[in-house]
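The values are calculated or read from the model by the stated rules, or taken from the named source; none is laboratory data. Remember, it's a predicted structure, so these values are computed and weren't measured experimentally. Positions of Cβ are backbone-derived with ideal geometry, glycine not excepted, and every protein chain shown enters the neighbour counts. Note: areas computed on protein heavy atoms with side chains; ligands, DNA, RNA excluded. Shrake-Rupley method; radii C 1.70, N 1.55, O 1.52, S 1.80 Å.
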Amino acid sequence: MARNKIALIGAGNIGGTLAHLAAIEGLGDVVLFDVVEGMPQGKALDLMEAGPIQAFDAEITGTNDYADIAGADVCIVTAGLARKPGMSRDDLLGTNSKIMTQVAAGIRENAPDSFVIVISNPLDAMVTLCKRETGFAKSHVVGMAGVLDSARYRSFIAAELKVSVESVQAMVLGGHGDDMVPIRSSCTVGGAPVAKFIAEARLLEIEERTRKAGGEIVGLLKTGSAFYSPATAAIRMAKSYLRDKKEILPAAAYLEGEYGHSGFYLGVPCRIGAGGLEEVVEFALTEQEAKDLDVSAAHVQETVAAMDKILAQ
Ligand code: TXD
C-alpha cells in the first residue's frame, strides 16, 4: 500500500516544522513547496538526513514546482507573510490574499482530491478564500486555529493548577483574532468544571492571555510568530483525517446555519475523519458565549469583506 503524500505549501518556520513532525509521526511522504529557490530543497535534504537517526523512512522532497504536489492526500498551507511586532493578523490581508489565490490554483490543478488545512493569516479570511478559489467542497477545506488556541488555554490552566495538560479539556471557538471565544462552560479539569478550581478574576486573566497569546510570542521573537505549536496543531488535524480518527477538534469550518451563521468560516467543533470535515458539532453555549461568538463572527465577516474589496481592485 502506497504511503500517503503530504504537500506543505510554504516551507518557512511552520512548514519546516510540519515536515519534521509528519516524518516523525510516520504520516507519509512529504513534499515541501515554496517560491524561494533552494530553500525547500535544502530543508528536505536536511530532514532526509535525520531519517536514519529518528528511524523514519518518509521520502521528503523540496520543490518550487506545483506539479510535484500531484496526488497529495493532504495539503497544509502556510504560504504568506507572518506578523512582526505591532502588526495585527488583519494587517497581512492584502499580501496574503494575493498569495492564497496563487496557492489555491496550484492545489486545484495538482491535488484536486486533497484535504486542505489552511494556516496562513488572517486565518478565517484566508481559508474562506482558499475554499472559494479551489472550488473544493467544504468537507475538504478547513482552517487551523482552534486546536492551537485551545491548547494555549489548556496550557495556561494546567500551569496555574500544576496539573497535567492531559487533565485539562477546553475549546476556543470563533475567529482566530483577539475576540476569539474561550468556552469556559465546557472547560474541565479532571472532568470537573474549571470554575471549581480557579476564581473568576484569575480565569478572566487566563482567558485574556489566551486571546493575546499569539501577539505575546510575536513580541518576544520580534522576527516572526509562533511555529512549533501551530505546526503541532495542524498535524493533529491531518492525523485525524489520514487515520480516520473522527476526533472532535475546534477548527475553522464553512458554516451553513450552524451556530446561527452561514456563508463564511468560523472556528467551531468539527468531527474530522476520512470524509474530511464530516460534521460541525453543535452544543449549547451560555448566553454570553453565544453573544461573544456572534461578535467574533461579525469581525470575520468584516475581514472577508475587506479582503473582497482588496481583491476587486
Ligand atoms: O493559528 C494560526 N493559524 C496562525 C497562523 C499561527 C501562527 C502563524 N500563522 C500564520 O502562518 C502566519 O501569520 C503566516 O501567515 C503563516 C506562516 O507562518 P510562518 O511562521 O511559517 O511564516 P514564514 O516562516 O515566513 O513562512 C512563510 C513561507 C515563506 O517561506 C515564504 O517564502 C512562503 O511562505 N511564501 C510562499 N509559498 C508559496 N507560494 C507563495 N506565493 C509564497 N509567498 C511566500
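Open to solvent by less than 50 Å² (accessible area, probe 1.4 Å), in contact with a strand residue (DSSP E or B) (Cβ under 9 Å, 6 or more places away or on another chain), near the ligand (Cβ under 10 Å from one of its atoms) and more than 21 Å from Y241 (Cβ to Cβ) - does that describe any residue in the range 75-91?
Applying the first criterion (open to solvent by less than 50 Å² (accessible area, probe 1.4 Å)) to the range 75-91 yields 75-80, 82-83, 88-89.
Now drop any that are not in contact with a strand residue (DSSP E or B) (Cβ under 9 Å, 6 or more places away or on another chain), which leaves 75-79.
So of that shortlist, the ones also near the ligand (Cβ under 10 Å from one of its atoms) come out as 77-79.
With the extra rule that they be more than 21 Å from Y241 (Cβ to Cβ), the set shrinks to none.
For the range 75-91, residues open to solvent by less than 50 Å² (accessible area, probe 1.4 Å), in contact with a strand residue (DSSP E or B) (Cβ under 9 Å, 6 or more places away or on another chain), near the ligand (Cβ under 10 Å from one of its atoms) and more than 21 Å from Y241 (Cβ to Cβ): absent.
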Looking at the structure I just gave you, is I6 in contact with a Cys (Cβ under 9 Å, 6 or more places away or on another chain) and away from the ligand (no atom under 14 Å from the Cβ)? yes
From the option list V194, V172, single residue qualifying as out of contact with any Leu (no Cβ under 6 Å at 6 or more places or on another chain), farther than 28 Å from M87 by Cα and open to solvent by less than 10 Å² (accessible area, probe 1.4 Å) is V194
Among A19, A23, A58, the single one that is assigned to a helix (DSSP H, G or I), more than 12 Å from the ligand (Cβ to nearest atom), within 19 Å of R243 (Cβ to Cβ) and in contact (Cβ under 8 Å) with a residue 12 or more places away in the chain is A23
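Select from the range 175-191 the residues that are in a strand (DSSP E or B) and more than 16 Å from the ligand (Cβ to nearest atom) and write down the one among them that is least open to solvent (accessible area, probe 1.4 Å). Working first, answer last.
To start, the set of residues in the range 175-191 that are in a strand (DSSP E or B) comprises 181-182, 188-189.
Of the ones still in play, those that are also more than 16 Å from the ligand (Cβ to nearest atom) are 188-189.
On the way: T188: 35, V189: 11 Å².
Applying the filter and picking the extreme gives V189.
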For D68, the lone unmet condition from (1) assigned to a helix (DSSP H, G or I); (2) more than 11 Å from the ligand (Cβ to nearest atom); (3) over 14 Å from S114 (Cβ atoms) is (3)
Requested in this report: With the condition kept exactly as written, say whether any residue in the range 34-48 is within 20 Å of the chain's Cα centre (by Cα) and assigned to a helix (DSSP H, G or I).
Outcome: no
The range 202-313: helices (runs of 4 or more DSSP H) wholly inside it with 1 or more residues that are open to solvent by less than 50 Å² (accessible area, probe 1.4 Å), farther than 26 Å from D73 by Cβ and within 16 Å of the ligand (Cβ to nearest atom) are 213-221, 287-312
Given the conditions (1) closer than 23 Å to G38 by Cα; (2) open to solvent by less than 30 Å² (accessible area, probe 1.4 Å), every one holds for P122 apart from (1)
Of A170, A234, the only residue that is in contact with a Cys (Cβ under 7 Å, 6 or more places away or on another chain), among the aliphatic types (A, V, I, L, M), modelled with pLDDT of 95 or more and assigned by TED's automatic domain parsing to the domain that holds V280 is A170
